[in-house]
Amino acid sequence: MFRPRVIPVLLLKDKGLVKSEKFKNHRYVGDPINAVKIFNDLKADELVFLDILASAEKRSISPEFVRRVGDEANMPFAVGGGIRSIKEIKALVNAGAEKVVINTYAVENPAFIKEASEEFGSSTIVVSVDVNQRFLRKQQVYTAAGTKSTGLSPVEWVQKMQDCGAGEIIINSIEHDGTMQGYDWKLVKEVAEAVEIPVVALGGAGSLNDFTRAVRESYASAVAAGSLFVFHGPRKAVLVNYPQNKELVHLFS
């Protein structure tokens, strides 16, 4: 029986975990390696770590950090942040990452996705797409941690990334990020219907019913969340109860 993957997405800033709302107001929520240990016990399908400062600081996510995650993680994990070369991907994969997530550089150099997928295989290359709508204009792709408008149509962009060899798309609504009010259902559906590769819904999940709706109504192949798994408290993070796999089978059946 098909059961969509459920993926915690964890944001890194200055070696700590943070949570954001609409890509702003980042708040410290805990230690990343401790979070890995907790998600091991809770049997997460996968993890995604995104270094939100890497691109601005002109570096990639740290291979040493990835190695520490790999030493602890019992599940596959993907990492992203500032990746701009085949050499950097090789270092991250050698450190233990199963997949790499590329966002800004994919827009700057789409041919790099083709090069990377040919070198490592499509299953290793994930393209993350951040989408926003401003001043009643059509939704468009944003880069540089949601600060730079590209003018690109999300649907046309994901189709191009599929043609370049990307093996998976993470579609993230900036407007819904951290709100826990539900995904951008229309956006997820439009993207999922436009490509044949897996589409991961991200941005706004606030309940298990949001997961169900993303799969049944918006045709997401997998669902991802950050805030849903983290309760904000003063200078600490407490992860909420995470359903066991058998419960998710029932939820999505």
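Rounded, prolate or oblate: which one fits the range 15-76, using the alpha carbon gyration tensor with axes a ≥ b ≥ c (rounded when a/c is under 1.5, else prolate when a/b beats b/c, else oblate)?
Numbers: a/c = 2.20, a/b = 1.36, b/c = 1.62.
Oblate shape, in that a/c is at least 1.5 and b/c is the bigger or equal ratio.
Among Ser123, Ser153, Ser173, what's the order by accessible area (1.4 angstrom probe), most exposed first?
Numbers: Ser123 90, Ser153 40, Ser173 5 Å².
Ranked from most to least accessible, the order is Ser123, Ser153, Ser173.
Taking the Cα centre of each part, how many Å lie between the range 129-182 and the range 9-68?
Here the answer is 20 Å between Cα centres.
If you take the beta carbon distance between Glu64 and Arg216 as r and set R0 to 35 Å, what does 1/(1 + (r/R0)^6) give as a FRET efficiency, to the nearest 0.05? Please report the intermediate quantities before stating the final value.
Values: r = 41 Å, r/R0 = 1.17.
Between Glu64 and Arg216 the formula returns 0.30.
In what order, largest first, do Met180, Met75 sit by accessible area if the probe radius is 1.4 Å? Don't skip to the end; give the middle numbers.
Working: Met180 75, Met75 20 Å².
Order by accessible area, largest first: Met180, Met75.
Under 16 Å Cα to Cα from Lys160, which aspartates and glutamates show up? Leave out anything in the same chain fewer than 8 places away.
Glu108, Glu115, Glu118, Asp130, Glu168, Glu190, Glu193, Glu196
Quick one: if the Förster radius is 22 Å, what FRET efficiency do Asn40 and Asp14 give, using the C-beta to C-beta distance and rounding to 0.05? Kindly include the intermediate steps, with their values, before the conclusion.
Details: r = 24 Å, r/R0 = 1.09.
With a Förster radius of 22 Å, E is 0.35.
Out of every Cα pair in the chain, what percent are spaced more than 22 Å from each other? Before the final figure, lay out the partial values.
Details: 16122 of 31878 pairs.
More than 22 Å apart: 51 percent of the Cα pairs in the chain.
Mind checking which of Val195, Val101, Val127 has the largest fluctuation in a GNM of the chain, springs on alpha carbons under 10 Å?
Val195
Provide Rg and Dmax in Å for the range 100-216, with only Cα atoms included in the calculation.
Gyration radius and largest Cα-Cα distance of the range 100-216: 13.7, 41 Å.
Quick check on my link table: of Lys15/Lys99; Lys43/Lys186; Lys37/Lys99, which ones sit more than 23 Å apart, alpha carbon to alpha carbon?
Values: Lys15/Lys99 20 Å; Lys43/Lys186 30 Å; Lys37/Lys99 20 Å.
Checking Cα-Cα distances, Lys43/Lys186 exceed 23 Å.
Roughly what would the spin-label model give for Asp163 and Arg27, points 7 Å off Cα along C-beta, in nm?
With each label placed 7 Å out from Cα toward Cβ, I get 4.3 nm.
Give me the distance in nm between label points sitting 7 Å out from Cα along the Cα-to-Cβ direction at Arg137 and Asn94, one decimal.
Inter-label distance under the simple model: 4.2 nm.
Evaluate the distance, in nm, between pseudo-label points positioned 7 Å from the Cα of Arg3 and of Glu156 along their respective Cα→Cβ axes.
4.1 nm
Over the chain, what is the relative contact order in percent, taking alpha-carbon pairs closer than 8 angstrom and at least six residues apart? All intermediate terms of the calculation are to be shown ahead of the outcome.
Values: 543 pairs, mean separation 45.9, N = 253.
Dividing the mean separation by the residue count of the chain yields 18 percent.
The values are calculated or read from the model by the stated rules, or taken from the named source; none is laboratory data. Just so you know, these numbers come straight off a predicted model, no measurement behind them. Reconstructed Cβ throughout: ideal geometry from the backbone, glycine too, with neighbour counts over all protein chains shown. All accessible areas refer to the heavy atoms of the entire protein, side chains included, with ligands and DNA or RNA removed. Shrake-Rupley method; radii C 1.70, N 1.55, O 1.52, S 1.80 Å.
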